[in-house]
């Protein structure tokens, strides 16, 4: 079975993960209410850093070399500004409708709705942006770190102190 996409498929990410031998994955089972959301989300590395965005690493640590899986949750009526990550990610929409597109400028006409169960990729260095509308969204992404976030418009970067 071939997954469609312009970047790494989940199969490719898992193949890369088998090459990461220094990291051990432990047994873990979490229900949605057991997801360990950090108390502070300010400028979290590897996220879109939008107001109201909650991100946590479930496996690994995206700031270090090795396999990681993160989940993020964003409430309704929210936007994520164009940004990129140095690593390539394979992502699945777990709940809600995610409006997602590629490009260095936010263009609402290029957003494609990705309902629950949808897969998309975030190729390393490729700008992307997104928004939610009537529903919140929960998304899971897997990659090999380290990760980071680069905004294409400096004023959109919360670390700049200008927004």
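Please treat every number below as a calculation from the coordinates, not as lab data. Predicted model, so just to flag it, every value in this text is computed and none were measured. Glycine also receives a Cβ, built like all others from the backbone with ideal geometry; neighbour counts cover every protein chain displayed.
Numbers below:
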{"item": "Cα extents of segment 116-163 along the three principal axes, largest first (Å)", "result": "36, 31, 14"}
{"item": "Cα convex hull volume per residue for segment 77-130 (Å³)", "result": "70"}
{"item": "Extension reserve of the residue 107-residue 160 stretch, reckoned as 0.36 nm per residue once the Cα distance is removed", "result": "16.8 nm"}
{"item": "Burial ordering of 80, 25, fewest other beta-carbon atoms within 10 Å first", "result": "25, 80"}
{"item": "Taking 30, 70, 138, 58 and counting other C-beta atoms within 10 Å, the order from fewest to most", "result": "30, 58, 138, 70"}
{"item": "Column: log10 I(q)/I(0), Debye, Cα scatterers of segment 56-163, q = 0.10, 0.13, 0.23 Å⁻¹", "result": "-0.27, -0.46, -1.40"}
{"item": "Ranked list, fewest to most other Cβ atoms within 10 Å of each Cβ, for 106, 152", "result": "152, 106"}
